[in-house]
Structure formats: structure tokens, C-alpha cells
Amino acid sequence: MLLTRFFVWLVRLLVGAYPRWIGTTPSAAQRIYFANHTSHLDTLVVWASMPRDLRSRTRVIAAQDYWDKTAIRRHIVKDGLNAVLIDRKRQTDADPLDPLRQALSHGDSLIIFPEGTRNPQPVPGPFKRGISKLAAEFPEVELVPVYCENLHRIMPKGTFFPVPLACNIRFGAPMQRRSDESEEAFAIRARDAVISLSQDESSTRLPFKAGKFQTLDAQLESERRHHD
């Protein structure tokens, strides 16, 4: 879609959004990508850093109270970003995780920020337990830690124009919640996985070239033949 392409072009023009696949590679597997949250750009930058085939199957999370106010915002968030809207102000009795559960049940991948709010520091704050609940309810979904580098400096809270700095997005090794692991313990372990990516891991980076990434349909067919 033209609007989607525009967003990707704009983000890459402003901050680069260079992907670094460390401990994993782009995959057709259903995933929850969870990242540190430092600026308004985080969601778009993580999403824009992915290959196009992944973006088409990966949905971002957006605040319903902001994006559902006007027709223009609704068009952007639904048609341009294919976002999952959540009620962060708890205006109803519904569980705010329900829209995420619905998206996962439909086979979508998600990008989430377990801190729940922006933290203008290079290291993420404590994670809320929502990620632990989703990990337990959808054990077949891979959870991939993501670290957004420099975004706390590129567009800190209270600013409207980005500082011209390059941003690397580091994707770590997939993880799952153990059956005997408490919600608090997994939230801590997930946060530690993001923190570990804040250091340069280029020496262990898996080889990946964007131009060589096969389409997800081709990858799925290859995986099916391998299992057969």
C-alpha cells in the first residue's frame, strides 16, 4: 500500500532503522517482538526495519484513545500500519490484552513494549507482566527481544523533530517462558535479554543480507518440504 511505503521511506530517511539480526534471522514463524520504549518513533522504527514480507504479517500496537479520535488518524493507524488498538486508559472493564490475544489467535505477529510507557534511558525499565501472560497463553509463539539504539537521543520525550543520528535495531535470539517460571521471573528474564542487546554484538551477528531474504511463502514451502 502507498501509505505504508511512505511511512517506511520516511522512517528510513530520518533515522536509518538499520536491522541487526543477532542470534536469529528473519523468519516466517509467528513471533512477539518486544523492545525497549524510549520515544514516539519506536514502533515505526522497529516495524520499518523489517523486510517487507515480515511487515505484512507483523502488527504494531497503538493507543485507542489517541488514534481513534479522528478519521485521518484512524486511516493512518488501520490502513497504513494495520495496528492493534488497545485501551490503555481502561475506559471499559475489558482486559487490555484481549486485542493482542485476538491478533495472535489469528496468526499475526506483534511488536510490543513491555515497559508500558516511554523511558528516556538507554536501558529499559521494569517490564509489566503482560508479556508473561501472553507467553504462557501462546507457548507456540516465539518471543524475540529487540533493542532500539539511540532513539532516546534521536527523539526524546517532549521533542517534535528528530536529531539526525543513525539508529540500529538489534533482534536477539527467540525465547519462551518455562512451564515452572513465574510471571515476575519471566518478565525479568525478558528485560535482561533486551539489555544484553544494548551492547555491540557484531562479532556474533548471523549473516543476513536484505536483498537475499526469500519471501515468506517460499520459506514456508521450504520448511514444509523439509518436514515431509
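The values are calculated or read from the model by the stated rules, or taken from the named source; none is laboratory data. Just so we're clear, the structure is a prediction, and the values are computed from it rather than from any experiment. Cβ: placed from backbone, ideal geometry, glycine included. Neighbour counts: every protein chain shown.
Looking only at segment 106-131, how many residues end up being more than 22 Å from Val194 (Cβ to Cβ) and in contact (Cβ under 8 Å) with a residue 24 or more places away in the chain?
1
Scan Val84, Val45, Val60 and give me the residue that is more than 22 Å from Glu137 (Cβ to Cβ) and β-branched (Val, Ile, Thr).
Going through Val84, Val45, Val60 in turn, the sole match is Val45.
Out of Arg73, Arg59, Arg55, which single residue is surrounded by 13 or more Cβ atoms within 10 Å (Cβ to Cβ), within 23 Å of Leu2 (Cβ to Cβ) and touching a Leu at 6+ places or on another chain (Cβ under 7 Å)?
Going through Arg73, Arg59, Arg55 in turn, just one is surrounded by 13 or more Cβ atoms within 10 Å (Cβ to Cβ), within 23 Å of Leu2 (Cβ to Cβ) and touching a Leu at 6+ places or on another chain (Cβ under 7 Å): Arg59.
Can you say whether Ser179 is loosely packed, with under 12 Cβ neighbours inside 10 Å, at pLDDT 65 or above, among the polar types (S, T, N, Q) and farther than 16 Å from Tyr18 by Cβ, as far as the supplied structure shows?
yes
Looking at (1) more than 17 Å from Phe171 (Cβ to Cβ); (2) in contact with a strand residue (DSSP E or B) (Cβ under 6 Å, 6 or more places away or on another chain), which is the only condition Trp47 fails?
Failing condition for Trp47: (1).
I need a count of the residues in segment 143-173 that are surrounded by fewer than 18 Cβ atoms within 10 Å (Cβ to Cβ), more than 17 Å from Tyr18 (Cβ to Cβ) and either among the small types (Gly, Ala, Ser) or at pLDDT 95 or above (or both).
Looking only at that region, the number is 2.
Can you tell me which condition Pro99 does not meet? The list is (1) out of contact with any helix residue (DSSP H, G or I) (no Cβ under 8 Å at 6 or more places or on another chain); (2) farther than 24 Å from Glu137 by Cα; (3) surrounded by 17 or more Cβ atoms within 10 Å (Cβ to Cβ), and all the others hold.
(2)
Filter segment 7-31 down to the residues that are at pLDDT 90 or above and of a type in the set (D, E, K, R), then identify the one that is nearest to Leu81 (Cα to Cα).
Among those that are at pLDDT 90 or above and of a type in the set (D, E, K, R), it is Arg31.
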